[in-house]
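The structure under discussion appears below in the form of structure tokens.
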Amino acid sequence: MLRNNATSWGAVAKSFHWIMAALILAQITLGLMAVAWRLSPTKIQLFFWHKSLGMLILALLALRLLWRLANATPLLPADMPRWERSAAHASHVLLYVLLILLPLTGWVINSAANIPFRIFRVIPLPAIVEPDKPLAELFARVHLSLIVVFALILTVHIAAALRHHFVKRTTVLVRMLPERWTT
């Protein structure tokens, strides 16, 4: 089943979800390593991959949102309280917004720092602001703040899915798992 239906996410939505989850995990790892690494060619390579993955995640997010708009959204469990439905909706919107803002703030940092960049060494990334060291420093702080918020929302998202599966025994998690994991 490629498309979503009233009870489950389709294969395309599931693929977007899990591919992006893996990329986000790699992105977090690369970002933490790049910041902690001493100044060296390795640090530059870590940042290169971090920036490239950030732009890939942004592109995949655009495709994912288009797919989501073109498909039905599976219904939440009928017995789910209104506050929980609202929290689920708000957390998804926040995750999407943060997945847009994080690469955009990174792009501003890169541009303001006047660092030429090619995504995966192929696609030139144009500067979106003029070189400006104070602006780069400001957006580095904004980027870090957004990362902290993203980590908190992501933790809540994962915890809620696990709670639904192991405590409430609903199908919320199962319907997002690949077919081969649920059979």
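Read-outs: derived from the displayed coordinates by stated rules, not from any lab. Predicted model only: the values in this text are computed from it and were never measured. Ideal geometry is used to build each Cβ from the backbone, glycine not excepted, and the neighbour counts take in all protein chains shown.
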Estimated distance in nm for a label pair at V97 and V149, the labels positioned 7 Å out from Cα along Cα-to-Cβ: 0.6
Region 38-52 - phi-based ³J(HN,Hα) in whole Hz, Karplus 6.51/-1.76/1.60, Gly and Pro as x: 5, 4, 6, x, 5, 4, 4, 5, 4, 5, 4, 5, 4, 5, 4
Compactness of region 87-183, expressed as Rg and Dmax over alpha-carbon positions, Å: 18.5, 55
The chain - Rg (one decimal) and Dmax (whole number), Cα, Å: 18.5, 55
Orientation-averaged projected area, Cα convex hull of region 121-168 (nm²): 5.7
Percent of Cα-Cα distances greater than 13 Å, calculated over region 11-51: 55
Spin-label model distance (nm) - A26 vs V156, 7 Å beyond Cα toward Cβ: 2.9
Selection from A26, S52, S8, by position along the positive dipole direction of the chain (Cβ): S8
Positive-pole candidate from T73, V122, A87, dipole of the chain, charges at beta carbon: T73
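Please get the size of the charge dipole for region 11-182, origin at its Cα centre, with Cβ charges of +1 on Lys and Arg and -1 on Asp and Glu, quoted in debye to the nearest 20.
Dipole magnitude for region 11-182 comes out near 380 debye.
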Hull volume in cubic angstrom per residue (convex hull over the Cα atoms of region 38-125): 135
Euclidean distance between Cα centres, region 116-172 to region 53-111, Å: 11
Spin-label model distance (nm) - A11 vs A72, 7 Å beyond Cα toward Cβ: 1.9
Pairwise FRET efficiency - E130 versus V174, Cβ, R0 = 45 Å, nearest 0.05: 0.35
